[in-house]
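Q: Encoded as structure tokens, here's the structure I'll be asking about.
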Amino acid sequence: MTEYRNLGRTGVKVSPLCLGTMMFGARGNTDHVDSVRIIHHALDSGINFVDTADVYSAGESETIVGKALSGGRRDNVVLATKFHGSLGSDPNEQGNSRRWIIQEVENSLRRLGTDWIDLYQVHRPEPDTDFDETLGALSHLVQQGKVRYIGTSTFEPSSIVEGQWLAERRGRERVVAEQPPYSLLARGIEREVLPVAQRYGLAVLSWSPLAGGWLSGRYRKGAGQPTSSRAERQVARFDITSPENAAKLEATEALALLAEEAGVTLVQLALAFVLEHPAITSAIIGPRTFEQLESQLGADKIRLSQEVLDRIDEIVPPGSNLSARDGGYTPPSLTDSALRRRSPN
């Protein structure tokens, strides 16, 4: 039986496994009927939390989710989606501005076939847009009843704190959830993000608990260069000649052997590890196939021993990311050299 967890301090109960739907649509499973079947199986298995985004296959994922929740299933699902990414050639069809938020929420509601979104999340930070402008627009949507709660994804600790400050000082809706990357191979958020979330009572919904497929069990030492549709799209993240990826492969092999010793699959070890942290509310799983979903269901029932957790800490030290790319977001202060150098005289 599923033991539901509190979504921060909202009083809403959600399943420890959240069904992520990024792989439904042109980016993954193009069969709508099969995708709906997978969603229904997840719901029938006790998952009541579904996460999507407007940019997943350019809205197609939201459309598939809408189909799956039609016919009376919507009321029993905590439905989350996100905005920020570009959805057209118009420079204003993206971002965190009031203009785009007010426009895009209507598009998401239409695609999802619903009157309200339970958790509407800012998909990434946008330093050029005043965070108060973003929170003001989201507060308006909550007051209208189109959105129940608001959240962020892959925000820096300082920005998470800023959101709480703005809510208190300027009367904005409070951000109740953060969605960061977290896995056995990407533990960076243990340093500040998770402690900050705990301090302010935020729910934490971790994305990529299988490290983009590295922890699926497919990639082992001696098997050669990883091959998958994701590896073809993101060559730099899977090139094992890279020192960072070589370190990930080494750690993945050690973790796979540890999983075998513990009597669980690598997938189960990965998900159980994420859910073990007291700050984590839900781990977002992103199956493309029915079989992938089956391999992940039930991982929330597994508890890892202290010995296994200590062994994990030896393989990947707490608070460390084996690859900088796995942080999910790099601020412009690091990517734009002009922000780090004085203008020439």
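Per-residue answers, yes or no, for (1) of a type outside the set (D, E, K, R); (2) open to solvent by 40 Å² or more (accessible area, probe 1.4 Å); (3) in contact (Cβ under 8 Å) with a residue 40 or more places away in the chain:
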site: 260; (1), (2), (3): no, yes, no
site: 300; (1), (2), (3): no, no, yes
site: 308; (1), (2), (3): yes, no, yes
site: 311; (1), (2), (3): no, yes, yes
site: 324; (1), (2), (3): yes, yes, yes
site: 335; (1), (2), (3): yes, yes, no
site: 340; (1), (2), (3): no, yes, no
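Q: Additional query: Can you name every one of the helices (runs of 4 or more DSSP H) wholly within the stretch 237-333 that holds 3 or more residues which are hydrophobic (A, V, I, L, M, F, W, C)? Show your work before the answer.
A: On the way: elements: 243-262, 266-276, 290-296, 306-315.
Output list reads 243-262, 266-276, 306-315.
Q: Oh, and also: What number goes with the only condition from (1) under 24 Å from residue 55 (Cβ atoms); (2) buried (at least 22 other Cβ atoms within 10 Å of the Cβ) that residue 184 does not pass?
A: (1)
Q: Between a residue in the stretch 119-130 that is more than 11 Å from residue 54 (Cα to Cα) and any residue that is assigned to a loop (DSSP other than H, G, I, E, B) and open to solvent by 60 Å² or more (accessible area, probe 1.4 Å), which pairs come within a Cβ distance under 8 Å, given they are 6 or more apart or on different chains?
A: That search, which allows pairs on different chains as well, returns 125/156.
Q: Still on this structure: Considering 68, 58, 137, 53, which residue is of a type in the set (A, V, I, L, M) and open to solvent by 10 Å² or more (accessible area, probe 1.4 Å)? Break it down into steps so the answer makes sense when it comes.
A: Working: 68 fails: open to solvent by 10 Å² or more (accessible area, probe 1.4 Å); 137 fails: open to solvent by 10 Å² or more (accessible area, probe 1.4 Å); 53 fails: open to solvent by 10 Å² or more (accessible area, probe 1.4 Å).
Result: 58 is the single residue among 68, 58, 137, 53 that is of a type in the set (A, V, I, L, M) and open to solvent by 10 Å² or more (accessible area, probe 1.4 Å).
Q: Hey, residue 232 hits all of (1) part of a helix (DSSP H, G or I); (2) at pLDDT 95 or above; (3) surrounded by fewer than 21 Cβ atoms within 10 Å (Cβ to Cβ) but one; which does it fall short on?
A: Tallying (1) part of a helix (DSSP H, G or I); (2) at pLDDT 95 or above; (3) surrounded by fewer than 21 Cβ atoms within 10 Å (Cβ to Cβ), residue 232 fails exactly one: (2).
Q: Could you check, for the stretch 20-28, whether at least one of its residues is surrounded by fewer than 24 Cβ atoms within 10 Å (Cβ to Cβ) and touching a Cys at 6+ places or on another chain (Cβ under 9 Å)?
A: Step one: list which residues in the stretch 20-28 are surrounded by fewer than 24 Cβ atoms within 10 Å (Cβ to Cβ), which gives 22-23, 25-28.
After this cut, where a residue has to be touching a Cys at 6+ places or on another chain (Cβ under 9 Å) as well, the list is none.
No: zero hits.
Q: Which condition number in (1) more than 30 Å from residue 13 (Cβ to Cβ); (2) charged (D, E, K, R); (3) touching a Leu at 6+ places or on another chain (Cβ under 8 Å) is the one that residue 276 fails?
A: (1)
Q: Just checking, does the stretch 6-17 include any residue being open to solvent by less than 20 Å² (accessible area, probe 1.4 Å) and in contact with a helix residue (DSSP H, G or I) (Cβ under 6 Å, 6 or more places away or on another chain)?
A: Yes - at least one qualifying residue is present in the stretch 6-17.
Q: If I ask for residues that are assigned to a loop (DSSP other than H, G, I, E, B) and not charged (D, E, K, R), which ones from the stretch 89-110 would you list? Spell out the reasoning first.
A: Kept after step one, since they are assigned to a loop (DSSP other than H, G, I, E, B), are these residues of the stretch 89-110: 89-97.
89, 91, 92, 94, 95, 96, 97 - these are the residues of the stretch 89-110 that are assigned to a loop (DSSP other than H, G, I, E, B) and not charged (D, E, K, R).
Q: If we keep just the residues of the stretch 78-120 that are surrounded by 21 or more Cβ atoms within 10 Å (Cβ to Cβ) and among the aliphatic types (A, V, I, L, M), which is farthest from residue 282 (Cα to Cα)?
A: Only one residue fits best here, namely 101.
The values are calculated or read from the model by the stated rules, or taken from the named source; none is laboratory data. No experiment lies behind these values; they were computed from the predicted model shown. Note that we place each Cβ from the backbone using ideal geometry, even for glycine, and neighbour counts take in every protein chain shown. Accessible surface areas use protein heavy atoms only, side chains included; no ligands, DNA or RNA. Shrake-Rupley method; radii C 1.70, N 1.55, O 1.52, S 1.80 Å.
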